[in-house]
1. Residues in region 180-203 that are among the hydrophobic types (A, V, I, L, M, F, W, C) and either in contact with a helix residue (DSSP H, G or I) (Cβ under 6 Å, 6 or more places away or on another chain) or not assigned by TED's automatic domain parsing to the domain that holds Thr97 (or both): how many?
2. Name every residue in region 207-238 that is on the phi < 0 side of the Ramachandran plot and assigned to a loop (DSSP other than H, G, I, E, B), in order of residue number.
3. Could you figure out which of (1) assigned by TED's automatic domain parsing to the domain that holds Ile6; (2) more than 23 Å from Ile92 (Cβ to Cβ); (3) in a loop (DSSP other than H, G, I, E, B); (4) not acidic (Asp, Glu) isn't true of Gly133?
4. Tell me, yes or no, whether region 23-35 has at least one residue that is assigned to a helix (DSSP H, G or I), farther than 30 Å from Val167 by Cα and modelled with pLDDT under 90.
5. Looking only at region 114-128, how many residues end up being surrounded by 13 or more Cβ atoms within 10 Å (Cβ to Cβ) and either part of a helix (DSSP H, G or I) or basic (Lys, Arg) (or both)?
6. For the list (1) farther than 30 Å from Gln220 by Cβ; (2) part of a helix (DSSP H, G or I), I need the number of the one condition that Gly186 fails.
7. For region 85-103, name all the residues that are without any contact (Cβ under 8 Å) to a residue 60 or more places away in the chain and closer than 15 Å to Gly203 by Cα.
8. I'm trying to understand the selection: among the residues of region 36-82, which are touching a Pro at 6+ places or on another chain (Cβ under 9 Å) and in a strand (DSSP E or B)?
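The values are calculated or read from the model by the stated rules, or taken from the named source; none is laboratory data. Not measured: the values here are computed from a predicted model. Heads up, the Cβs are rebuilt from the backbone with ideal geometry, glycines too, and the neighbour counts pull from every protein chain shown.
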Amino acid sequence: MKTIAIGVGENENIIQACHIFKEKHPKTNLKLIYRDKDLVNAVLDDKIDGVVRGSLPASNIMKELKESYPRISRATFVSGDEYEFLLTPVGIDEGETVEERFQIVENCIKFLKRLDKTPKIAVLAEGREDDYGRGDEVTKSIIESKKLTKLIEENTSEEVKNYYILVEKAINDKCNIIVAPNGRVGNIIFRTLVLLNSWPSYGAVTFGMDKIYIDTSRDQSIEGYVRSLILANSLDDF
């Protein structure tokens with residue numbers, strides 16, 4: 001029998017989500033975790049097949065996990081209108097450099113191919129191409145978006161396009177890997193789509209470790225937590 005550990009914090013939607021999940025997946029054992037440290041130990045426990053952060057706070061958990069897995073990163077699995085995509089980076093301290101974002105993109109490509117999906121990559125920046133020169137940060141972001149797009153073109157065989165700040169066009173074009181300029185912007189996009197506009201999310205897939213770990217928002221709905229449990233349960237079959 002599979003065992004999935006899930007964190008229980010202040011948002012008790014997770015408890016109801018566990019009941020709903022168990023009704024449909026009675027052969028999967030759920031282990032409820034109430035402390036950050038115990039959730040980290042669950043990730044390191046070979047007897048546990050997958051871990052979902054649930055409604056425990058992320059900061060301490062990610063800090064401790066990075067001691068064992070220093071190169072971990074995350075990409076949120078979002079369901080758009082009739083299609084799904086990975087949004088990355090979404091951790092506020094992730095994807096700070098072009099090289100880091102390229103590494104995350106490589107992981108996203110591998111993940112989608114594992115699901116028999118063809119990657120279509122959108123690179124974003126903090127301005128349009130003709131906004132170059134409108135402040136140091138905007139200019140730096142545009143330069144980096146071009147560098148990242150070129151890196152992907154030269155080192156992968158996947159379709160990639162620089163959409164600059166036009167995230168709406170990337171979504172309309174059905175790109176299934178959307179790369180934000182940094183984790184803070186990615187986190188804002190996630191909150192706007194998922195928490196404000198109720199786009200379904202399966203949680204964030206964590207790369208750079210040998211365990212299935214789905215990161216979730218503390219503010220997620222019951223349905224959102226159910227989807228995260230389903231994702232953790234299904235990934236163990238691949």
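1. Qualifying residue count, region 180-203: 2.
2. Once the filter is applied, which keeps residues that are on the phi < 0 side of the Ramachandran plot and assigned to a loop (DSSP other than H, G, I, E, B), region 207-238 yields Met209, Asp210, Lys211, Thr216, Ser217, Arg218, Asp219, Gln220, Ser221, Asp236, Asp237, Phe238.
3. Only one criterion is unmet by Gly133, namely (1).
4. No, that holds for no residue.
5. 3
6. Failed condition: (1).
7. none
8. Result: Ser73, Arg74, Ala75, Val78, Ser79.
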